[in-house]
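Every number here is computed from the coordinates shown, using simple stated rules; none is lab data. In this text, all values refer to a predicted model and were calculated from it rather than measured experimentally. Virtual Cβ from ideal backbone geometry, glycine too; neighbours counted across all protein chains shown.
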Amino acid sequence: MLPLPPHVIEVLGLTEGTELTLALGNGKLTVAPRQIEEAADLRARAERAETLLSAAFEFRLPHGLIIQKRGTNQWVILYGCSILNANGGWEFEPLPSNRDEEFIARTRFTLDEALGRAEAYITLDIA
């Protein structure tokens with residue numbers, strides 16, 4: 001039998017392959033085996049998606065926006081030759097040899113930040 005999650009106090013009953021009844025902190029829950037199998041399948045899919053996401057280095061979004069990886073947990077948002085800065089403004093992206101530390105600091109985001117900022121532009125349709 002699988003280990004119980006921390007919020008499950010005990011297994012109250014398991015009927016011949018039809019349902020599982022668990023005692024929870026605030027009551028009980030009855031789950032059909034099909035639901036358990038579906039949850040396991042969803043968990044496996046989520047793990048595969050997370051593996052693929054960790055290998056990605058660029059996301060092409062609507063309206064010509066691109067989120068691109070530029071280092072360990074460093075992402076930029078591009079629109080043509082412009083790059084989004086932390087103030088929400090677009091600026092020209094210089095050649096790598098002309099990028100100073102201040103430029104890098106104001107134009108790098110975590111993936112979550114980059115996705116949120118890009119989504120705001122897509123939602124507002126102002127890119």
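For this structure, a couple of remarks:
- Extending 7 Å from Cα along the Cβ direction at Ala40 and again at Ala55 yields two label points whose distance is 2.5 nm.
- Computing FRET efficiency as 1/(1 + (r/R0)^6) for Thr72 and Arg48, where r is the C-beta to C-beta distance and R0 is 22 Å, gives about 0.45.
- The listed peptides 101-107, 37-43, 77-83, 62-68, ordered by packing as a protection proxy, come out as 77-83, 62-68, 101-107, 37-43 (highest mean of other Cβ atoms within 10 Å first).
- log10 of Debye I(q)/I(0), alpha-carbon scatterers only, for segment 79-125 at 0.17, 0.19, 0.33 Å⁻¹: -0.51, -0.63, -1.32
- Distance (nanometres) between label positions extended 7 Å along Cα→Cβ at Trp90 and Glu119: 2.2
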